[in-house]
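> Here it is: the structure, laid out below.
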Amino acid sequence: MTEEFIDVEARLKTKKDLELRYRDLLKFAKTVEEMLSIESQMEDVRSNIESMEGRLNYLRNQVALSTITLSYFETTAADFGFASKLITSLKNGWDNFMVLIIALVSIWPFIILSAIIVYILIRRRKMSPVVG
C-alpha cells in the first residue's frame, strides 16, 4: 500500500506541474484553435488529477483504518521423564492443598455452626437417660 501511495503521489505532482505549464502556454496562445486545443488537454490533465486525488484520499482512509495483527508463541520444554512427572505432581498437590485451605477459610462460619450443633447433640445424648 505504501508503494502505491508514493507512486500516485509522484504522478499527481507531475500532472499538477503539467497543468501549470498548460496554463502558461494558454497565455501565449494566439488563435482560438490553439486555446481550445490547450484547454482540451488541460481538461484531460485536470480529470487525471481529480482521479488521483480521489485515489490518494482512499489510500489515506485505508491507512487510517488499518489494523496490525501480531502473533507470538512461547516454546516450552516437554519433558516426560519420572523426575518431571514427580515435580509436576508435587506442584499440583501443593496447589490443591492451598485451594483446600482457602475453601476452609471461606466457609468458617458454617464450620463453627456445625461444631456447635454437634456439641449440643452430643451433650443431649449424654444427658438423656438410658431406657432399658
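Nothing in this text is a laboratory measurement; each read-out follows from the coordinates by a stated rule. Owing to the predicted nature of the structure, the values given are computational and were not obtained by experimental measurement. Don't worry about glycine lacking a Cβ; one is built from the backbone with ideal geometry, like all the others, and counts go over all protein chains shown.
> If we count other beta carbons within 10 Å of each Cβ, what is the order of 30, 13, fewest first?
Numbers: 30 7, 13 12.
Fewest to most other Cβ atoms nearby, the residues stand as 30, 13.
> Another question, if that's okay. Check cross-link reach from residue 91 to the lysines: straight Cα distance under 20 Å, and skip same-chain residues fewer than eight apart.
none
> Still on this structure, I have one more. With springs connecting C-alpha atoms under 10 Å apart, model the chain as a Gaussian network and identify which of 116, 87, 68 has the largest mean-square fluctuation.
Of the options given, 116 has the highest mean-square fluctuation.
> If you don't mind, another one. List the aspartates and glutamates whose Cα lies under 19 Å from the Cα of residue 16, skipping any in the same chain that are fewer than 8 positions away.
Result set, ordered by chain and number: 4, 7, 24, 39, 43, 44, 50, 53.
> Still on this model: Among 37, 114, 71, which comes first, then next, by fewest other beta-carbon atoms within 10 Å? Working shown, then result.
Details: 37 14, 114 11, 71 4.
Arranged by neighbour count, lowest to highest, 37, 114, 71 become 71, 114, 37.
> For the chain, taking Cα atoms only, what is the radius of gyration to one decimal and the Dmax to the nearest whole Å?
Considering the chain through its Cα atoms, Rg and Dmax are 43.7, 141 Å.
> Rule-of-thumb check for region 82-127: C-alpha Rg over 2.2 N^0.38 Å? Show your work: numbers first, answer last.
Working: Rg = 18.4 Å, N = 46, 2.2 N^0.38 = 9.4 Å.
Taking the Cα Rg and dividing by 2.2 N^0.38 Å, one obtains 1.96.
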